[in-house]
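Undergrad: The structure under discussion is supplied below as structure tokens; questions concerning it will follow.
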Amino acid sequence: SHNPIFRQIGNLIDTGLKFSLEATAVISLDRRMEAVAAHREVVEALRMRNADAARGAANKILDLAARDLVSAKKLKSN
């Protein structure tokens with residue numbers, strides 16, 4: 001695209017995806033399985049139409065992601 005704003009957004013997305021892929025490459029299998037289980041909790045809560053449980057499970061996913069990003073950053077800096 002010749003649109004400069006679109007190119008900037010594309011560059012930001014590209015940078016974010018690269019970081020995400022690099023960060024998740026160092027996450028242990030146990031942590032990945034923990035994230036999968038949390039996603040299943042969200043799906044089940046939504047299926048049961050339980051908004052509070054879905055919100056709690058979604059917050060757990062965010063907490064796990066934050067923890068994993070901190071761990072990945074520490075590993076990368078060592």
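Values quoted throughout were computed directly from the atomic coordinates according to the rules given, and no laboratory measurement underlies them. All values reported here derive from a predicted model rather than from experimental measurement. Ideal geometry is used to build each Cβ from the backbone, glycine not excepted, and the neighbour counts take in all protein chains shown.
Undergrad: If each residue's Cβ is checked for other Cβ atoms within 10 Å, how do Arg7, Arg49 rank with the fewest at the top?
TA: Ranked by crowding around the Cβ, least crowded first: Arg49, Arg7.
Undergrad: In the chain, if the dipole is taken from +1 on Lys/Arg beta carbons and -1 on Asp/Glu beta carbons about the Cα centre, which of Ala58, Val42, Gly10 is farthest to the positive end?
TA: Positive-end residue among those listed: Gly10.
Undergrad: Given the -39500 (n - 2.57) contribution per DSSP H run of 4+ residues, what per-residue ellipticity at 222 nm results for the chain, rounded to the nearest 500 deg cm²/dmol?
TA: After summing the helix terms and dividing by the residues of the chain, the value is -30500 deg cm²/dmol.
Undergrad: Sort Leu64, Leu29 so that the residue with the fewest other Cβ atoms within 10 Å of its own Cβ comes first and the one with the most comes last.
TA: Leu29, Leu64
Undergrad: What is the distance, in nm, between label points placed 7 Å from the Cα along the Cα-to-Cβ direction at Glu22 and at Ala66?
TA: Output for this residue pair reads 2.3 nm.
Undergrad: Pick the calculated mean projected area of the Cα convex hull in nm² for this structure from (1) 6.6; (2) 9.3; (3) 7.2?
TA: Given (1) 6.6; (2) 9.3; (3) 7.2, the structure-derived one carries the label (3).
Undergrad: Ranked by Cβ crowding within 10 angstrom, fewest neighbours first, how are Ile27, Ile9 ordered?
TA: Ile9, Ile27
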